[in-house]
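Some notes on the structure that comes next.
The values are calculated or read from the model by the stated rules, or taken from the named source; none is laboratory data. Every value quoted in this text rests on a predicted model; they were computed, and no experiment measured them. Don't worry about glycine lacking a Cβ; one is built from the backbone with ideal geometry, like all the others, and counts go over all protein chains shown.
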Amino acid sequence: MCKSDNIYLPNLATIEAIVDETPDVRTLRLVFQDEQVRENFSFRAGQFAEYSSFGFGESTFCIASAPTRKGYIECCFRSVGRVTESLRRLEVGDTVGVRGPYGNSFPIEEFYGKSLVFIAGGIALPPLRTVIWNCLDLRDKFKDITIVYGARSEADLVYKHELKEWQERGDVRLVKCVDPGGAGPDFDGKVGFVPTVLEEAAPSSENTIALVCGPPIMIKFTLPVLERLGFSDDNIYTTLENRMKCGVGKCGRCNVGNVYVCKDGPVFTARQVKAMSQEF
Amino acid sequence: MPQIITEQNLRNLIDLLVKEAKLVVGPKLSGSVVLYEPLAAGSDLTLDALPRRSSKELFFPICEDILSYKRENGAMKVTDVDRSKFPETVLIGAPPCDAGSPAILDAVMSWDYNDEFYLERRRKSTIVGIACTKGDDACFCRAVGLAPDAEGGSDLFLTPLKDGSYACKAVTDKGQALVAAHQNLFADGAGTEPVPFVDQAVEKLDLVKIKKWLEEHFEDPLWEKIADICVGCGACAFICPACHCFDINDEGSTDDGVRRKHWDACGFAKFTNHASGHNPRDVQNKRYRNRIMHKFKYYDDKFGKTLCTGCGRCIRACPVGIDIAEILETINGKED
């Protein structure tokens, strides 16, 4: 199947594991059925794929697992539409389609020797989680690693087990937070919005790259904070998510001005984002 | 050496091509409207009106299967579409505003990733274009750099002559081959005077100037002024020879069905709507702005071409009277 010149043909993958991250966010661990595809599938952190649920269609998510972890890929989604709700009905052993990987990626090699600050909100951690694990798997290559992650409530924090793992590692600084009103009695993180918590945590901008992903409102208030902390627009990376169908620059809906998120992105620097037509 | 073909021989050519088992598509009276439809015989060809819809769908159908899937003994199996079965096709009688559109769309269908559904149909088709003498007051091909006698996109180009015959010019090897294979239908000679073209209300526009204005006026009161009345019906996109936006959906059950690619339109509210409910183009004038930007700026930025052939169909079809030629003239006339 992979030999066809039909760009819309997916590879088949089996659901190997399911993790419910929150009441409505789910992770699927997928293993390609074709041995050759399984061995040869490679991607870079930041790339995305089109995942299909047969009978319903395709949805676009990032590849949430790290390229340094071989043999499987993971996607993470909130069930809010026809396709995602149908993906949620699938069980371990069921088949999904996967087209990709598509788009550009984080230039991780350029970050070697620098400190990293990851800033994510809600379900926008998966696009950064692939980078986080990629970098943690190459820990020696980087200086300080800080992760600021927040969600509306404790229940909405995704990858809870991994947050714990990051918290317990001595080589990562995790600052987790929930919006005011979102903390339970035993919550061990901070209460506040991500931009505010980031400003309090005040990571150094010296020789540091910031990687931001979150809802538009979070990005809007986070960029000025980063600026105050001394980050230049060239040292701030984000990944944009727009509605997509083809993933390969033809179907015409993911563009922000003349920039096609699927082909020119999804990874952009803050400088590139600011130069775009403001249509987010 | 110029050649001519009589009207009867043009119809005979269609008869022969049909006998050769080619799919011959041309303007044909279908009920009360002229559409591009398969011609069963030369007598079906109707050259006295611009077809209601463009000939784009010959290469890029309204809806087509891109794969099928079936669960067999518990295992899902995906089967590709056999594109080798796409028929050898001759599009005949397309005016420059239709004949010219595939040459524009080739770029988006073949950058980096090749859409073989489109490209295979392109490879298997020959386009016999015809100079347009039937224009009306919605036509504006000259304004966007085409002309009623523009050969671009045609493999063989016909020019109607006053005596009812057509002057023929083989523009490409494909056109040459079509003539060579049916040489007895063509005669050497220049023929009589051509039938005059219809004058167009819109003069040639400065597309470079328009693009520059668009670049600098993403935010501008013009968008609300011209497009708040847009009802988002998508008619302009569906009859456009150059609009190429599409959607992909499954039809069938979870065990057995097909995946289809089908036309979509940037005028539809849901086109860019995120699953979260957030919509980057949340009001109609932003959607219409995208339509204009895509055609006269973004496509040019990406591919160096204008995504419009000036056929005027969107002007004729718009239920609220939005006139793209008038908008372009307005922008063209702006001082800043």
Checklist outcome for this item: Counted residues in the stretch A:224-256 being within 21 Å of A:ARG152 (Cα to Cα) and within 14 Å of chain B (Cβ to nearest Cβ) come to 2
Item to check | Selection status of B:CYS97, farther than 22 Å from B:GLN176 by Cβ, touching a residue at least 12 places away in the same chain (Cβ under 8 Å), more than 14 Å from chain A (Cβ to nearest Cβ) and part of a loop (DSSP other than H, G, I, E, B) | outcome: no
Item to check | Total residues in the stretch B:237-248, condition at the interface with another protein chain (Cβ under 9 Å from one of its Cβ atoms) and either surrounded by 24 or more Cβ atoms within 10 Å (Cβ to Cβ) or of a type outside the set (Asp, Glu) (or both) | outcome: 5
Checklist entry - Just for the stretch A:257-274: of the residues that are more than 17 Å from A:PRO101 (Cβ to Cβ) and out of contact with any strand residue (DSSP E or B) (no Cβ under 9 Å at 6 or more places or on another chain), which one is farthest from the other protein chains (Cβ to nearest Cβ)? => result A:LYS274
Checklist outcome for this item: In the stretch B:315-330, residues that are farther than 17 Å from B:ARG142 by Cβ and either touching a Cys at 6+ places or on another chain (Cβ under 8 Å) or crowded, with 18+ Cβ neighbours inside 10 Å (or both) total 5
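Results for (1) in contact with a Leu (Cβ under 9 Å, 6 or more places away or on another chain); (2) among the β-branched types (Val, Ile, Thr), shown as yes or no for each residue.
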position	(1), (2)
A:PRO107	no, no
A:SER115	no, no
A:PHE118	yes, no
A:ARG129	no, no
A:TRP133	no, no
A:ASP137	no, no
A:ASP144	yes, no
A:VAL148	yes, yes
A:ASP156	no, no
Item to check | Scope the stretch B:249-275; condition within 18 Å of B:GLU64 (Cβ to Cβ) and either at the interface with another protein chain (Cβ under 7 Å from one of its Cβ atoms) or of a type in the set (D, E, K, R) (or both); matching residues | outcome: B:ASN249, B:ASP250, B:GLU251, B:GLY252, B:GLY257, B:ARG259, B:ARG260, B:LYS261, B:ASP264
Checklist entry - In the stretch A:1-25, what count of residues is obtained for those that are of a type outside the set (A, V, I, L, M) and within 14 Å of another protein chain (Cβ to nearest Cβ)? => result 10
Checklist outcome for this item: Residues in the stretch B:182-206 that are surrounded by 13 or more Cβ atoms within 10 Å (Cβ to Cβ) and on the phi < 0 side of the Ramachandran plot total 15
Checklist entry - Yes or no: A:PHE221 more than 14 Å from every other protein chain (Cβ to nearest Cβ) and touching a Ser or Thr at 6+ places or on another chain (Cβ under 7 Å)? => result no
Checklist entry - Residues in the stretch A:133-148: is at least one under 20 Å from A:PRO216 (Cβ atoms), in contact with a helix residue (DSSP H, G or I) (Cβ under 6 Å, 6 or more places away or on another chain) and not assigned by TED's automatic domain parsing to the domain that holds A:ARG26? => result yes
Checklist entry - Taking only pairs six or more apart or across chains, which ones have beta-carbon atoms under 9 Å, a first residue in the stretch B:55-74 that is in contact (Cβ under 8 Å) with a residue 24 or more places away in the chain and farther than 30 Å from B:PRO102 by Cα, and a second residue that is basic (Lys, Arg) and exposed (fewer than 15 other Cβ atoms within 10 Å of the Cβ)? => result B:TYR69/B:LYS77; B:LYS70/B:LYS77; B:ARG71/B:LYS77
Next on the checklist: Going by what's in this entry, would B:LYS70 be described as within 13 Å of chain A (Cβ to nearest Cβ), modelled with pLDDT of 95 or more, within 30 Å of A:ASN11 (Cα to Cα) and out of contact with any Asp or Glu (no Cβ under 8 Å at 6 or more places or on another chain)?
Outcome noted: no
Item to check | Check on B:ARG281, more than 10 Å from every other protein chain (Cβ to nearest Cβ), touching a residue at least 12 places away in the same chain (Cβ under 8 Å) and over 21 Å from A:GLU85 (Cβ atoms) | outcome: no
Next on the checklist: Looking at the stretch B:292-319 only, could you name the residues that are more than 10 Å from chain A (Cβ to nearest Cβ), among the basic types (Lys, Arg) and over 15 Å from the mean Cα position of the chain (by Cα)?
Outcome noted: B:ARG316
Item to check | Hits in the stretch A:90-102 (condition: within 11 Å of chain B (Cβ to nearest Cβ) and either under 17 Å from the mean Cα position of the chain (by Cα) or within 28 Å of A:PRO266 (Cα to Cα) (or both)) | outcome: A:LEU90, A:THR95, A:VAL96, A:GLY97, A:ARG99, A:TYR102
Checklist outcome for this item: Expected single match for under 14 Å from the mean Cα position of the chain (by Cα), within 14 Å of chain B (Cβ to nearest Cβ) and either closer than 30 Å to B:SER253 by Cβ or touching a residue at least 12 places away in the same chain (Cβ under 8 Å) (or both) among A:PHE106, A:PHE43, A:PHE61 is A:PHE61
